[in-house]
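Data first, discussion second: the structure below is written as structure tokens.
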Amino acid sequence: MPTLTRWYLKTALLYLLAGLVMGVIIAAQDVWAVMPCLSSLTPVYIHFLVLGWLSQLIFGVAYWMFPKLPPGCNARLHESLATAAFFLLNLGLLARAVAEPLTAQVPISGPAMAVSGAVQFLGGLCFVASVWHRVRGK
Amino acid sequence: MPPLSILFVRASFIYLLIGFAAGAALSLQRGMPFQQAIWKLWSVHVEFLVFGWMVQLAMGVAFWILPRFFAGPPRGNERPMWAAFYLLNLGVCFCGLAPAAGLPLFLSLAGRSCELLSAVCFAVHAWPRVRKSDDICRADKGETAS
């Protein structure tokens, strides 16, 4: 299994755990109403599970399993794009996790939210660019 | 990778990019509100990423990876998968774009119905392929592949 795939998969597992912990916290908040601000974790919870866990799992396995690049393609460039995708996605997701609950209270968190979305988009773009030519027949 | 899988996977990547772009616009609006109408992209974001990206990718990879048949066409009858492809994409477009464009609700209903039919077509194709591969079956019986 390539190193980058291991990064993707292990990180995805961490997001799965973190997401599920968040789910417990949100459910507990619904039951006992300990801290109202905990309800703002819901978008973070969803993104941790859908993007952090599911999508990263898919990215990692696709990077590993898809057919090799056709001759003439720059393998190093494609590997760099896949690596950039890993860092951009996780940076964006973690920035969102910090900024989202604080959006109403801390002024800087608004721009941080905006930037996190753009960074995640760039991560997705890098990943698609890295594997597009590997989606091919023999 | 067979041509139909290539179609499914590349389509899923396009939905991934559009869904992420919609998400970026929504994050921008969330963090630095500038245009209330951006919230209409919510249906695009969710529909395109869940059904257009994940479900479609899963279908495409399943069509590629599931055990093949030893006799006859290796991947069995491909027509249900072609139907699944067109129905899923029609459904995703209806369900994602109709609410965003303020179109009548029955289009969303039509979209969901297309997605359901797509799933039925996929299941019709995939069900017989969820099995031991023919090579393994023959080895179990003590036969060898020619």
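Laid out as a table, the results:
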| quantity | calculated |
| --- | --- |
| Chain A: calculated mean residue ellipticity at 222 nm from DSSP helix runs of at least 4, using -39500 (n - 2.57) | -24000 deg cm²/dmol |
| Shielding by other protein chains, A:109-120, mean Cβ within 10 Å | 5 |
| Lys, Arg +1 and Asp, Glu -1 on Cβ, resulting dipole of chain A about Cα centre, debye, nearest 20 | 700 debye |
| Dipole magnitude of the protein assembly as shown, debye to nearest 20 (Cβ charges: Lys/Arg +1, Asp/Glu -1, about Cα centre) | 680 debye |
| Ellipsoid semi-axes in whole angstrom, largest first, where each is sqrt(5λ) of the Cα gyration tensor of segment A:1-116 | 34, 17, 8 |
| Enclosed volume per residue, in Å³, of the convex hull spanned by Cα atoms of the protein assembly as shown | 166 Å³ |
| Dipole-positive endmost among A:LEU16, A:MET113, A:GLY60 within chain A (Cβ charges, Cα centre) | A:GLY60 |
| Cα long-axis angle, helix A:75-102 against chain A (0 to 90 degrees, to the nearest 10) | 10 degrees |
| Highest to lowest packing among B:1-12, B:33-44, scored as the average C-beta count within 10 Å | B:1-12, B:33-44 |
| Taking segment A:27-110 and dividing mean pair separation by its residue count, relative contact order in percent (alpha carbons under 8 Å, at least six apart) | 37 percent |
| Percent carbon-and-sulfur accessible area, segment B:1-101, ignoring ligands, DNA and RNA, probe 1.4 Å | 73 percent |
| Under 5 Å, built H, 5+ apart or other chain: amide partners of B:ARG68 | B:ASP134 |
| Normalised contact order of chain B, rounded percent, pairs of Cα under 8 Å and 6 or more residues apart | 25 percent |
| For residues of B:6-19, the mean tally of beta carbons on other chains within 10 Å | 3 |
| Solvent-accessible area, 1.4 Å probe, carbon plus sulfur percent, for segment A:6-88 | 75 percent |
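The values are calculated or read from the model by the stated rules, or taken from the named source; none is laboratory data. Remember, it's a predicted structure, so these values are computed and weren't measured experimentally. Quick reminder, even Gly has a Cβ in these numbers, built from the backbone with ideal geometry, and neighbours come from all protein chains shown. These area figures cover heavy atoms from the full protein model, side chains too; ligands, DNA and RNA do not enter into them. Shrake-Rupley method; radii C 1.70, N 1.55, O 1.52, S 1.80 Å.
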